[in-house]
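Beneath this line is the structure, given in C-alpha coordinates, with notes to follow.
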Amino acid sequence: MPTVSEARNDIAAAVVTRLQNMNMEDLTIDDVTLDSSQARVTISGVPDKPGLAAKVFEDVAAAGIFVDMIVQSHPSAAGVATLTFTVPQDQLHKSVEAATRIAQALGCKQVTSSPNIAKLTVSGVGLRTHVGVAIRMFKALSDAGVNVEMINTSEVRVNVVVAGNSGQRGLTQLQTAFADVLR
(Lines give C-alpha, C1' and ligand atoms only; values in the text may rest on other atoms or scores of the structure.)
Protein backbone atom coordinates (compact mmCIF):
# COMPACT_ATOMS: atom_id res chain seq x y z
CA MET A 1 0.00 0.00 0.00
CA PRO A 2 1.47 3.38 -1.01
CA THR A 3 2.17 6.02 1.60
CA VAL A 4 0.20 9.27 1.61
CA SER A 5 3.24 11.02 0.15
CA GLU A 6 3.51 8.47 -2.67
CA ALA A 7 -0.21 8.76 -3.43
CA ARG A 8 0.08 12.56 -3.61
CA ASN A 9 3.06 12.26 -5.95
CA ASP A 10 1.09 9.88 -8.18
CA ILE A 11 -1.85 12.32 -8.33
CA ALA A 12 0.48 15.24 -9.10
CA ALA A 13 2.20 13.23 -11.84
CA ALA A 14 -1.16 12.36 -13.39
CA VAL A 15 -2.20 16.03 -13.45
CA VAL A 16 1.12 17.08 -15.03
CA THR A 17 0.80 14.35 -17.67
CA ARG A 18 -2.76 15.40 -18.47
CA LEU A 19 -1.74 19.03 -18.83
CA GLN A 20 1.26 18.14 -21.00
CA ASN A 21 -0.92 16.10 -23.34
CA MET A 22 -3.62 18.68 -23.85
CA ASN A 23 -3.67 21.77 -25.98
CA MET A 24 -3.93 24.67 -23.54
CA GLU A 25 -6.26 26.34 -26.01
CA ASP A 26 -8.77 23.50 -25.55
CA LEU A 27 -11.74 23.83 -23.29
CA THR A 28 -11.97 20.86 -20.95
CA ILE A 29 -14.82 20.60 -18.47
CA ASP A 30 -13.96 18.32 -15.57
CA ASP A 31 -17.34 18.40 -13.87
CA VAL A 32 -20.80 19.91 -13.80
CA THR A 33 -22.27 19.71 -10.30
CA LEU A 34 -25.33 20.61 -8.27
CA ASP A 35 -25.23 21.63 -4.60
CA SER A 36 -28.71 21.85 -3.04
CA SER A 37 -27.50 22.22 0.53
CA GLN A 38 -27.17 26.01 0.66
CA ALA A 39 -29.36 29.01 1.44
CA ARG A 40 -29.07 32.69 0.51
CA VAL A 41 -28.87 35.83 2.69
CA THR A 42 -29.06 39.34 1.19
CA ILE A 43 -28.43 42.67 2.89
CA SER A 44 -29.82 45.57 0.84
CA GLY A 45 -28.84 49.20 1.15
CA VAL A 46 -25.30 48.60 2.40
CA PRO A 47 -23.47 51.97 2.48
CA ASP A 48 -20.60 52.08 -0.01
CA LYS A 49 -17.76 52.75 2.42
CA PRO A 50 -14.36 51.10 2.85
CA GLY A 51 -14.31 48.43 5.50
CA LEU A 52 -18.03 47.62 5.62
CA ALA A 53 -17.68 44.26 3.86
CA ALA A 54 -14.90 43.40 6.30
CA LYS A 55 -17.17 44.36 9.21
CA VAL A 56 -20.07 42.29 7.84
CA PHE A 57 -18.00 39.15 7.39
CA GLU A 58 -16.12 39.65 10.66
CA ASP A 59 -19.50 39.58 12.43
CA VAL A 60 -20.73 36.64 10.34
CA ALA A 61 -17.54 34.69 11.18
CA ALA A 62 -17.89 35.58 14.86
CA ALA A 63 -21.34 33.94 14.76
CA GLY A 64 -19.65 30.74 13.52
CA ILE A 65 -21.27 30.91 10.08
CA PHE A 66 -19.57 29.34 7.06
CA VAL A 67 -19.92 31.46 3.91
CA ASP A 68 -19.51 29.96 0.45
CA MET A 69 -20.33 32.45 -2.32
CA ILE A 70 -20.26 36.24 -1.93
CA VAL A 71 -21.59 38.69 -4.51
CA GLN A 72 -21.80 42.47 -4.07
CA SER A 73 -23.60 44.74 -6.52
CA HIS A 74 -22.11 47.90 -7.95
CA PRO A 75 -23.07 50.84 -5.71
CA SER A 76 -26.11 52.81 -6.87
CA ALA A 77 -26.18 56.57 -7.39
CA ALA A 78 -27.42 56.77 -3.79
CA GLY A 79 -24.13 55.21 -2.64
CA VAL A 80 -25.53 51.88 -1.47
CA ALA A 81 -24.98 48.33 -2.62
CA THR A 82 -26.52 44.90 -2.12
CA LEU A 83 -24.42 42.21 -0.47
CA THR A 84 -25.50 38.60 -0.95
CA PHE A 85 -23.90 35.44 0.38
CA THR A 86 -24.69 31.75 0.62
CA VAL A 87 -24.55 29.64 3.76
CA PRO A 88 -25.38 26.04 4.67
CA GLN A 89 -29.16 25.61 5.01
CA ASP A 90 -28.83 24.53 8.63
CA GLN A 91 -27.16 27.89 9.42
CA LEU A 92 -29.76 30.07 7.70
CA HIS A 93 -31.66 31.13 10.84
CA LYS A 94 -28.45 32.07 12.65
CA SER A 95 -27.22 33.85 9.48
CA VAL A 96 -30.38 35.94 9.14
CA GLU A 97 -30.18 36.92 12.82
CA ALA A 98 -26.54 37.98 12.40
CA ALA A 99 -27.25 39.82 9.15
CA THR A 100 -30.18 41.65 10.74
CA ARG A 101 -28.01 42.81 13.65
CA ILE A 102 -25.32 43.93 11.20
CA ALA A 103 -27.84 45.70 8.94
CA GLN A 104 -29.32 47.61 11.87
CA ALA A 105 -25.88 48.64 13.14
CA LEU A 106 -24.79 49.86 9.69
CA GLY A 107 -28.08 51.55 8.76
CA CYS A 108 -28.85 49.17 5.89
CA LYS A 109 -32.32 48.86 4.41
CA GLN A 110 -33.35 45.22 4.83
CA VAL A 111 -32.31 41.59 5.07
CA THR A 112 -33.94 38.92 2.93
CA SER A 113 -33.22 35.24 2.57
CA SER A 114 -34.10 32.09 0.68
CA PRO A 115 -33.84 28.67 2.33
CA ASN A 116 -34.02 26.78 -0.95
CA ILE A 117 -31.38 27.59 -3.55
CA ALA A 118 -29.26 25.45 -5.83
CA LYS A 119 -25.65 26.14 -6.80
CA LEU A 120 -24.67 24.85 -10.23
CA THR A 121 -20.95 24.67 -10.96
CA VAL A 122 -19.07 24.14 -14.20
CA SER A 123 -15.40 23.33 -13.49
CA GLY A 124 -12.53 22.89 -15.89
CA VAL A 125 -9.48 24.12 -17.74
CA GLY A 126 -9.80 26.95 -20.25
CA LEU A 127 -12.85 28.67 -18.77
CA ARG A 128 -11.07 31.99 -18.51
CA THR A 129 -9.65 31.89 -22.04
CA HIS A 130 -12.79 30.81 -23.92
CA VAL A 131 -15.30 33.51 -24.78
CA GLY A 132 -18.07 31.00 -25.46
CA VAL A 133 -18.29 29.44 -21.99
CA ALA A 134 -20.60 32.03 -20.47
CA ILE A 135 -22.96 32.17 -23.43
CA ARG A 136 -23.10 28.37 -23.61
CA MET A 137 -23.92 28.18 -19.91
CA PHE A 138 -26.46 31.00 -19.76
CA LYS A 139 -28.17 30.02 -23.03
CA ALA A 140 -28.57 26.44 -21.80
CA LEU A 141 -30.12 27.63 -18.54
CA SER A 142 -32.35 30.11 -20.38
CA ASP A 143 -33.54 27.40 -22.79
CA ALA A 144 -34.57 25.33 -19.75
CA GLY A 145 -36.42 28.29 -18.19
CA VAL A 146 -33.92 28.47 -15.32
CA ASN A 147 -33.39 31.99 -13.94
CA VAL A 148 -29.90 32.85 -12.68
CA GLU A 149 -29.95 34.69 -9.33
CA MET A 150 -26.20 34.95 -8.61
CA ILE A 151 -23.00 34.46 -10.61
CA ASN A 152 -19.52 33.85 -9.21
CA THR A 153 -16.45 32.95 -11.28
CA SER A 154 -12.81 31.97 -10.95
CA GLU A 155 -10.15 30.79 -13.40
CA VAL A 156 -11.39 27.20 -13.22
CA ARG A 157 -15.01 27.48 -12.11
CA VAL A 158 -18.28 29.23 -12.92
CA ASN A 159 -20.92 29.06 -10.18
CA VAL A 160 -24.52 30.16 -10.53
CA VAL A 161 -27.26 30.19 -7.94
CA VAL A 162 -30.77 29.35 -9.08
CA ALA A 163 -34.04 28.63 -7.31
CA GLY A 164 -33.85 25.30 -5.51
CA ASN A 165 -36.65 23.75 -7.56
CA SER A 166 -34.70 24.54 -10.78
CA GLY A 167 -31.46 22.89 -9.70
CA GLN A 168 -31.90 19.43 -11.20
CA ARG A 169 -33.30 20.81 -14.47
CA GLY A 170 -30.34 23.22 -14.67
CA LEU A 171 -27.85 20.43 -13.97
CA THR A 172 -29.27 18.24 -16.73
CA GLN A 173 -29.26 21.16 -19.17
CA LEU A 174 -25.64 22.10 -18.37
CA GLN A 175 -24.44 18.49 -18.67
CA THR A 176 -26.00 18.40 -22.13
CA ALA A 177 -24.62 21.81 -23.11
CA PHE A 178 -21.05 20.84 -22.17
CA ALA A 179 -21.22 17.16 -23.20
CA ASP A 180 -18.77 17.67 -26.06
CA VAL A 181 -16.05 18.99 -23.72
CA LEU A 182 -16.89 17.08 -20.53
CA ARG A 183 -14.15 14.65 -19.47
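Just one residue in the set Ala99, Ala78 is under 29 Å from Lys55 (Cβ atoms), of a type in the set (Gly, Ala, Ser), outside any strand (DSSP E or B) and at pLDDT 95 or above; that residue is Ala99.
Got a number for residues in the range 104-126 being farther than 25 Å from Ser37 by Cα and crowded, with 20+ Cβ neighbours inside 10 Å? Even if it seems obvious, please write down each step before you answer.
So in the range 104-126, the residues farther than 25 Å from Ser37 by Cα come out as 104-109, 125-126.
The next check asks that each one be crowded, with 20+ Cβ neighbours inside 10 Å; those that pass are 108, 125.
Looking only at that region, the number is 2.
As for the range 83-90, it holds no residue that is among the hydroxyl-bearing types (Ser, Thr, Tyr), at pLDDT 95 or above, more than 19 Å from the chain's Cα centre (by Cα) and surrounded by 13 or more Cβ atoms within 10 Å (Cβ to Cβ). Restricted to the range 145-183, and to residues there that are buried (at least 18 other Cβ atoms within 10 Å of the Cβ) and in contact with a Gly (Cβ under 7 Å, 6 or more places away or on another chain), the residue that is nearest to Val87 (Cα to Cα) is Val162.
Given the options Ser123, Ser113, name the one that is assigned to a strand (DSSP E or B) and more than 12 Å from Phe178 (Cα to Cα). Break it down into steps so the answer makes sense when it comes.
Working: Ser123 fails: more than 12 Å from Phe178 (Cα to Cα).
The match here is Ser113.
For the range 133-146, the count of residues that are outside any strand (DSSP E or B), on the phi < 0 side of the Ramachandran plot, out of contact with any helix residue (DSSP H, G or I) (no Cβ under 8 Å at 6 or more places or on another chain) and not hydrophobic (A, V, I, L, M, F, W, C) is at least one.
The values are calculated or read from the model by the stated rules, or taken from the named source; none is laboratory data. Nothing here was measured: the structure is a model prediction, and the numbers come from that model. Note that we place each Cβ from the backbone using ideal geometry, even for glycine, and neighbour counts take in every protein chain shown.
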